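J.: Here's a structure for you.
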Amino acid sequence: MSNNKSTAGRKVFGLGALVALALLFIGVTILLTFALRGARLDLTESKLYSIAPGTQNILASLQEPINLYFFFSQEASRQSPQIRAYAQRVQELLEEMAQRSKGKLRLNVVDPQPFSEDEDRATEFGLQAVPFGGQGESLYFGLAGTNSTDGREIIPFFQPDKEEFLEYDVASLIHRLENTKRAKLGLIAALPVDASFDPASGGMRPGWASIAQIHQLFDVQTLATDIAEIAPDIDTLMIVHPRELSPKTLYAIDQFVMRGGKLIAFMDPQSENDPQAAQMAQMGGMAGGRSSTLGPLLDAWGVTYDPGQILGDRELGLTVSLQANQPPSQHIAIVGFNRASMNGKDVVTSALDSINVMTAGVLGRKEGATIEFEPLIQSSTNAALLPAAKLAFLPDSQSLLDGFKATGERYAVAARIHGKLKSAFPSAPEGATAGQALKETAGDANIILVADTDILADPLWVRTQNVFGQRMMMAWANNGDFLANAIDNLAGSSDLISIRGRQSFFRPFTKVDELRRRADDRLRATEKQLDEELRDTEQKLTQLQASRANQEELTLSPEQEAELTRFTQERGRIRKELREVRRSLDVEIEGLGSRLKLINIALIPTLIAIAAIALAITRRRRLRAGRAAAHTG
């Protein structure tokens, strides 16, 4: 009787323990849900789900609420798993940002159904509806943002091929909504980049389209070429053709960079759009006045640039006609850079397709320099350096090929440098504005250098037409986009500039690709051998048939009949093997897929179950050993 009571008591105790454990598990789960809310562990190789420090700083600095509206058409995208996967990636990033903004970022996910108010709102924001699918459906996949002062910014459509810059694009949108005031750009130009009076024609000279574009995007303040001080309210400084700048102006530029100012400079070994230098050349003067450089600043910053050398590119040189009576020919010093020439990892050049330059120089990193030198635009390997004097009075472009020998090296025409820099001036030069002489930058400087000024001129990237008295411009290259991207990037905050492009979310199946290449190489070799055997067999069959046709007898000898039968059977066998070879091309890949399914579906759960059983047996043995020890005691 006592044994039955003891057994019943143990059952009740065991049942109570299970109930207590279940309640404890639920309680701990609820506690952890609130205690560790927002906590994540990113185990991806490229930290795809980790927010960059620059983005975190931008979110932490938000002062006013910002509303984000993520529009994505669920129904229209049902036939595209890749688009849906990328949309999920975008939404997860937006949710992560909203969670880290401490309530300042308010995310609204909208599925704009056809003919609905949500679709009207997406259109009102200016989002692009892309035709998608075979039934004429429209796909919305964009982001709109508003701030407390009715400011609006949009990303019209999230392009999967720009996925590496997803975080940068979203952070840039948030930064623009938070900082509504246009960035102030200082412009020092020794070329007639703005509309001005032309003494030669006696009329007004139109300004360059690239400079007119940045006047629309930024608050541009034109500075004199002999300026002694750059105002502290200028965020970014743009220099075009720094020809023969005085020491006090170079010192002002140096101190601007030392105190954290952003700089973009366009230098040139031979500016083809310098009217003053061209006039001097026509009057018999030397053409050396066409070159420009920042001289001692480049040397102090660890950058090499020789204004006496010009890039020649045999592969990328454009076909032009220098004179009206000459047929077009390749000019290796007028270079058209393609997408392969652009730095795909930098937001300034990642989406550009073509940029044209004329008699450009090259930039490099000085030996022993501590800066980080990142080329933005590079030549092909079929390039070399030409003496600038050779192009001063060029009779025809073909003469540039005389003695041309490619070095196999890629030369940088535009580059970004960042890192801590030292001043080029041990003391302030005469005429400089008195003030604190900074000897080095407090943080990392960010500078974009371009070894060509003609890149900004209209003839290399835009066509101008007069339509009903209006000057209309049509771009045929990305020179203007390059300038706008560069200034927009530099004018942003240091946190925004620090956000780099990431590896794509869509990872390639490298093992599958390797298997496919190996199988293809091996099976293609077998296929080639069988093809040769088939051709040989069919050739012999043709010869036998021809011999039968040439003979008066309609029958062949027994030996020939046997040979014909054998060749026919051989042809059938070879064709069958060829079909098997072509069918078995993906056998290894299918086998790999089956093995992965087996591992995911059966092996891993089995291992977990075995580990759980082993743990239970171990715990039971320990419990029994403890009870036995207690009983003995």
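J.: Of all residues in segment 302-328, which are outside any strand (DSSP E or B), of a type in the set (Ser, Thr, Tyr) and over 27 Å from the mean Cα position of the chain (by Cα)? Step through it out loud before you land on a result.
T.: Keep residues of segment 302-328 that are outside any strand (DSSP E or B), which gives 302, 305-308, 314-316, 321-328.
Right, trim to of a type in the set (Ser, Thr, Tyr) and you get 305, 321.
Result: Ser321, single match.
J.: Could you go through segment 478-487 and let me know if any residue there is more than 19 Å from the chain's Cα centre (by Cα), modelled with pLDDT of 90 or more and in a loop (DSSP other than H, G, I, E, B). Outline the logic, then answer.
T.: So the first thing to find is which residues in segment 478-487 are more than 19 Å from the chain's Cα centre (by Cα), and the list is none.
No, segment 478-487 has no match at all.
J.: Quick one: would you say Ile377 is at pLDDT 95 or above and either in contact with a Pro (Cβ under 6 Å, 6 or more places away or on another chain) or not aliphatic (A, V, I, L, M) (or both)?
T.: Details: at pLDDT 95 or above: yes; either in contact with a Pro (Cβ under 6 Å, 6 or more places away or on another chain) or not aliphatic (A, V, I, L, M) (or both): no.
No.
J.: Here is a follow-up. From the list Lys405, Lys422, exactly one residue is among the basic types (Lys, Arg), farther than 27 Å from Asp169 by Cβ and free of Cβ contacts under 8 Å to residues at least 24 places away in the same chain. Which is it? Quick ask: steps written out before the conclusion?
T.: Numbers: Lys422 fails: free of Cβ contacts under 8 Å to residues at least 24 places away in the same chain.
Exactly one residue qualifies, and that residue is Lys405.
J.: Only one of these is in contact with a helix residue (DSSP H, G or I) (Cβ under 9 Å, 6 or more places away or on another chain), under 27 Å from Ser493 (Cβ atoms) and not in a helix (DSSP H, G or I): Arg106, Arg89, Arg78. Name it.
T.: Details: Arg89 fails: not in a helix (DSSP H, G or I); Arg78 fails: under 27 Å from Ser493 (Cβ atoms).
Being in contact with a helix residue (DSSP H, G or I) (Cβ under 9 Å, 6 or more places away or on another chain), under 27 Å from Ser493 (Cβ atoms) and not in a helix (DSSP H, G or I) holds for just one of Arg106, Arg89, Arg78, which is Arg106.
J.: Further question on the same structure: Could you tell me which residue of segment 221-243 is farthest from Val193 (Cα to Cα), considering only residues that are surrounded by fewer than 19 Cβ atoms within 10 Å (Cβ to Cβ) and free of Cβ contacts under 8 Å to residues at least 40 places away in the same chain?
T.: Pro232
J.: Suppose we filter segment 441-462 for residues that are more than 20 Å from Ile188 (Cα to Cα) and of a type in the set (S, T, N, Q); how many remain?
T.: First, the residues of segment 441-462 that are more than 20 Å from Ile188 (Cα to Cα): 441-444, 459-462.
If we keep only those that are of a type in the set (S, T, N, Q) as well, we get 441.
Final tally of qualifying residues: 1.
J.: Same structure again: Out of the residues in segment 172-211 that are over 30 Å from Leu294 (Cβ atoms), at pLDDT below 90 and in contact with a Gly (Cβ under 9 Å, 6 or more places away or on another chain), state the one that is surrounded by the fewest Cβ atoms within 10 Å (Cβ to Cβ).
T.: Thr180
J.: Considering only segment 121-137, I want to know if a residue exists there that is in a helix (DSSP H, G or I), in contact (Cβ under 8 Å) with a residue 24 or more places away in the chain and of a type outside the set (A, V, I, L, M, F, W, C). Show your work before the answer.
T.: First, pick out the residues of segment 121-137 that are in a helix (DSSP H, G or I): 121-125.
Filter once more, keeping what is in contact (Cβ under 8 Å) with a residue 24 or more places away in the chain: 121-122, 125.
From what's left, of a type outside the set (A, V, I, L, M, F, W, C): 121.
Yes, segment 121-137 contains at least one residue that is in a helix (DSSP H, G or I), in contact (Cβ under 8 Å) with a residue 24 or more places away in the chain and of a type outside the set (A, V, I, L, M, F, W, C).
J.: Among the numbered criteria (1) under 30 Å from Phe337 (Cβ atoms); (2) modelled with pLDDT of 85 or more; (3) not aromatic (Phe, Trp, Tyr), which one does Lys422 miss?
T.: (1)
J.: Within segment 362-404, restricting attention to residues that are in a loop (DSSP other than H, G, I, E, B) and among the hydroxyl-bearing types (Ser, Thr, Tyr), which residue is surrounded by the most Cβ atoms within 10 Å (Cβ to Cβ)?
T.: If we filter segment 362-404 for residues that are in a loop (DSSP other than H, G, I, E, B), which is where we start, we get 362, 366-371, 379-382, 392-396, 402-404.
Filter once more, so that each one left must be among the hydroxyl-bearing types (Ser, Thr, Tyr): 370, 379-381.
Working: Thr370: 11, Ser379: 27, Ser380: 19, Thr381: 14.
The residue in question is Ser379.
J.: List every residue pair whose Cβ atoms lie under 7 Å apart, where the two residues are 6 or more positions apart in sequence or sit on different chains, the first residue falls within segment 364-393 and is closer than 16 Å to Gly308 by Cβ, and the second residue, located anywhere, is part of a strand (DSSP E or B) and of a type in the set (Ser, Thr, Tyr).
T.: Gly364/Thr304
J.: Step by step: first the residues of segment 92-142, then only those that are surrounded by fewer than 15 Cβ atoms within 10 Å (Cβ to Cβ) and touching a Phe, Trp or Tyr at 6+ places or on another chain (Cβ under 6 Å), then the one that is nearest to Leu68 (Cα to Cα). Which residue is that?
T.: Asn108
J.: When you scan segment 50-59, how many residues do you find that are surrounded by fewer than 20 Cβ atoms within 10 Å (Cβ to Cβ) and in contact (Cβ under 8 Å) with a residue 40 or more places away in the chain? Walk me through how you get there before you give the answer.
T.: First pass over segment 50-59, keeping only residues surrounded by fewer than 20 Cβ atoms within 10 Å (Cβ to Cβ): 50, 52-53, 56-57.
With the extra rule that they be in contact (Cβ under 8 Å) with a residue 40 or more places away in the chain, the set shrinks to 52-53, 56-57.
Summing the residues that are surrounded by fewer than 20 Cβ atoms within 10 Å (Cβ to Cβ) and in contact (Cβ under 8 Å) with a residue 40 or more places away in the chain in segment 50-59 gives 4.
J.: Is there a residue in segment 464-471 that is part of a loop (DSSP other than H, G, I, E, B) and either at pLDDT 85 or above or over 22 Å from Asp274 (Cβ atoms) (or both)?
T.: Restricting attention to segment 464-471, the residues satisfying the condition of being part of a loop (DSSP other than H, G, I, E, B) are 468-469.
Filter again for either at pLDDT 85 or above or over 22 Å from Asp274 (Cβ atoms) (or both), leaving 468-469.
Yes; the residues of segment 464-471 include at least one that is part of a loop (DSSP other than H, G, I, E, B) and either at pLDDT 85 or above or over 22 Å from Asp274 (Cβ atoms) (or both).
J.: Still on this structure, I have one more. Mind checking whether some residue in segment 284-301 is assigned to a loop (DSSP other than H, G, I, E, B), among the charged types (D, E, K, R), over 30 Å from Leu496 (Cα atoms) and modelled with pLDDT under 90? Before the answer, list the steps.
T.: Step one: filter segment 284-301 for residues assigned to a loop (DSSP other than H, G, I, E, B), giving 284-286, 291, 293-295.
Checking the rest, the ones that are also among the charged types (D, E, K, R) come to none.
Within segment 284-301, none of the residues are assigned to a loop (DSSP other than H, G, I, E, B), among the charged types (D, E, K, R), over 30 Å from Leu496 (Cα atoms) and modelled with pLDDT under 90.
J.: Something else: Which of the residues that make up segment 246-261 are in contact with a Leu (Cβ under 8 Å, 6 or more places away or on another chain) and farther than 14 Å from Ala424 by Cα? So that I can check it myself, show each step before the final result.
T.: Residues of segment 246-261 in contact with a Leu (Cβ under 8 Å, 6 or more places away or on another chain): 250, 253-259, 261.
Listed by number, the list holds a single entry, Gly261.
J.: For segment 259-272, how many residues meet the condition of being surrounded by fewer than 24 Cβ atoms within 10 Å (Cβ to Cβ) and modelled with pLDDT under 95?
T.: Number satisfying all stated conditions: 4.
J.: Taking the criterion of being under 22 Å from Glu315 (Cβ atoms) and modelled with pLDDT of 95 or more, would at least one residue in segment 344-351 satisfy it?
T.: No - not one qualifying residue is present in segment 344-351.
The values are calculated or read from the model by the stated rules, or taken from the named source; none is laboratory data. Because the structure is predicted, anything quoted here is derived from the model rather than measured. Neighbour counts are summed over all protein chains in view; Cβ atoms, including those assigned to glycine, are modelled from backbone coordinates with ideal geometry.
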